[in-house]
Amino acid sequence: MSFAEFLEAVRTRRRPEAAAPVLALWQDACGDWDGAHATVQHATAGAGAWVHAYLHRKGGDLANARYWYARAGRPAVDADTTTEAEREAIVRELLE
């Protein structure tokens, strides 16, 4: 799946055939934070933990987000970075 195809799936609300981290980002982009969180709830490392961190940051739980960024081996995102920009960066990297 390309980034353009991801955006089209968001626009049309057509669930993509994708790994859980990308699926969770699609759910979030479609306005389903709870569904996205449920999709990566049990992720303990890697991309799933990274998306989990992003979701907690977006939800305002920064302490929990920092925990998940560490589990993912990723630095916490700068406070000036919007959640939309962060989501796009994660999607782009996961789809490379």
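Overview of results
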read-out: Index of the failed condition, L25 passing every other in (1) within 18 Å of A85 (Cβ to Cβ); (2) in contact (Cβ under 8 Å) with a residue 60 or more places away in the chain; (3) surrounded by fewer than 20 Cβ atoms within 10 Å (Cβ to Cβ); value: (3)
read-out: Residue in the stretch 73-95 that is assigned to a helix (DSSP H, G or I), acidic (D, E) and surrounded by 14 or more Cβ atoms within 10 Å (Cβ to Cβ) present; value: yes
read-out: Any pair with Cβ under 6 angstrom, 6 or more apart, that starts in the stretch 36-49 at a residue that is buried (at least 18 other Cβ atoms within 10 Å of the Cβ) and of a type in the set (S, T, N, Q) and ends at one that is in a helix (DSSP H, G or I) and modelled with pLDDT of 95 or more; value: T39/A20; T39/L23; T39/A24
read-out: Residue under evaluation R13, criteria (1) on the phi < 0 side of the Ramachandran plot; (2) modelled with pLDDT of 95 or more; (3) not polar (S, T, N, Q), criterion not met; value: (1)
read-out: Residue within the stretch 53-62 that is more than 12 Å from the chain's Cα centre (by Cα) and assigned to a helix (DSSP H, G or I) present; value: yes
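The values are calculated or read from the model by the stated rules, or taken from the named source; none is laboratory data. Just so it is clear, the model here is predicted, and its values are computed rather than measured. Glycine also receives a Cβ, built like all others from the backbone with ideal geometry; neighbour counts cover every protein chain displayed.
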